[in-house]
Amino acid sequence: MAFTSLNTAATNVNPNKSFEVATPPSDSVSSLSFSSKANHLVATSWDNQVRCWEILPGGSTQPKAAISHDQPVLCSTWKDDGTTVFSGGCDKQVKMWPLLSGGQPTTVAMHDAPVKEVAWISQMNLLVSGSWDKTIRYWDTRQAQPAHIQQLPERCYTLTVNYPLMVVGTADRQLIVYNLQNPQTEFKRIQSPLKYQTRCLAAFPDQQGFLVGSIEGRVGVHHLDDSQQSKNFTFKCHREGTSSTEIYSVNSLNFHPVHHTFATAGSDGAFNFWDKDSKQRLKAFSRCPYPIPCGAFNADGSIYAYAVCYDWSKGAENHNPSTAKTYIYLHYTQEAEVKGKPRVGAGRK
């Protein structure tokens, strides 16, 4: 489907009647992340900005603060104290922004190519950054030099941390698993169970495995323990048409912090909630007219935030700045949408 045909006034950009975030970025959103301490949402964008909103009771939003990078910003994460934000991007650096104290951002990490992913590891008091320079680097933010540099086989496309588990997805469908209690050694290296390029990862809440999503509308559920391999499976999602001929990228995977079900969001403009244990889709939402490049749950799972905008998957030639708009929406979750269900034909374990 050509996105140009969707630019009509009749198009409903908010078919799920979600709450709209005030004053969104002027260009596409690359990441969304919530503070673990309050309903503060950060978005990074291709317009070189990092913005924060406070979500007020009732779904309204208050722009809180913003900072700039010199080039497009690709990733963000919060420190566990809920006051500080890290952001990285095409300027090859990670900035630390003491947002809630009103402090100025400082550069705390450098790479030799754009920074694609950042994560804060509270148990180690370290920041980890993954880059297209084929390294991940660990940083004590008080030191100018990295605490450790880990070589990767290829460019870092995505990473997920749930201590002590970290999984890095690189080009060529490589997945490198680390036990962060021994971070300088690869725990395991595996080829993605999906046949196409890796787009996103999410570590299981119990650290026993991970989800992987690809550009080919498919998600893999992978357990690390060799004895659990029979539980591994893949499933199709974010596809259209009777024979699933229109295939879209899975852009975002997020576990619900309470019920441990998960959300997928894709370039078809849809997001869905799933239960991996009963292998069921819990809720399918209406498709938005533009791709969803990223999503995130807040700390208690009561809000799922998602961006609706051009995702650059069809290149610059299909991007029309005059009609392209960026939206960030907040969906307030219902328990029935996010609570796991017993498997069909099986009693509760």
Separation of the residue 71 and residue 206 label points, Cα + 7 Å toward Cβ, nm:
4.3
Heads up, the range 1-106 by the C-alpha gyration tensor (a ≥ b ≥ c square roots of eigenvalues; a/c under 1.5 rounded, else a/b over b/c prolate, else oblate) looks oblate
When Rg and Dmax of the Cα atoms in Å is calculated directly from the model, which label among [x] 24.3, 81; [y] 19.2, 57; [z] 20.2, 64 fits?
[y]
Spacing of the two label points (7 Å from each Cα toward its C-beta) at residue 13 and residue 163, in nm
4.0
Contour minus end-to-end for residue 336 and residue 38, with contour as 0.36 nm per residue of separation and end-to-end as the Cα-Cα distance?
104.9 nm
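Compute the signed sum of charges (Lys and Arg +1, Asp and Glu -1) over the other residues within less than 14 Å, Cβ to Cβ, of residue 154.
Charge balance near residue 154 sits at +1.
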Net charge contributed by nearby residues that have their C-beta within less than 15 Å of residue 107 (K/R +1, D/E -1)
0
Give, as a single signed number, the net charge of other residues whose beta carbon lies under 13 Å from the beta carbon of residue 298, with Lys and Arg counted +1 and Asp and Glu -1.
-1
Taking the alpha-carbon centre of each part, the distance from the range 210-266 to the range 6-60 in Å is 24
For the residue 228, residue 151 Cβ pair and Förster radius 30 Å, calculated FRET efficiency rounded to 0.05 is 0.55
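With a 1.4 Å probe and all protein chains left in place, how much of the accessible area of the range 91-240 comes from carbon and sulfur atoms, in whole percent?
C and S atoms contribute 43 percent here.
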Applying the Karplus parametrisation 6.51 cos²θ - 1.76 cosθ + 1.60 with θ = phi - 60° to the phi angles of the range 46-52, what ³J(HN,Hα) value in whole Hz is obtained for each residue in order, glycine and proline being reported as x?
5, 8, 6, 10, 10, 10, 10
For the chain, what relative contact order do you get, as a whole percent, if you take Cα pairs closer than 8 Å and at least 6 residues apart?
13
Output wanted: per-residue J couplings in Hz (rounded whole) for the range 68-74, from phi through Karplus 6.51 cos²θ - 1.76 cosθ + 1.60, θ = phi - 60°, x for Gly and Pro.
10, 9, 7, 9, x, 9, 10
Heavy atoms of residue 96: accessible area, 1.4 Å probe, square angstrom to 10:
40
Pseudo-spin-label distance residue 107 to residue 144, built 7 Å along Cα→Cβ, given in nm, is 1.1
Solvent-accessible area of residue 222 with every protein chain in place, 1.4 Å probe, in Å² to the nearest 10
30
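The values are calculated or read from the model by the stated rules, or taken from the named source; none is laboratory data. All of these numbers come straight from a predicted model, not from anything done at the bench. As a convention, Cβ positions derive from the backbone with ideal geometry for all residues, glycine included, and neighbour counts pool all protein chains shown. Calculation scope for accessible area: heavy atoms of the full protein, side chains included, ligands and nucleic acids excluded. Shrake-Rupley method; radii C 1.70, N 1.55, O 1.52, S 1.80 Å.
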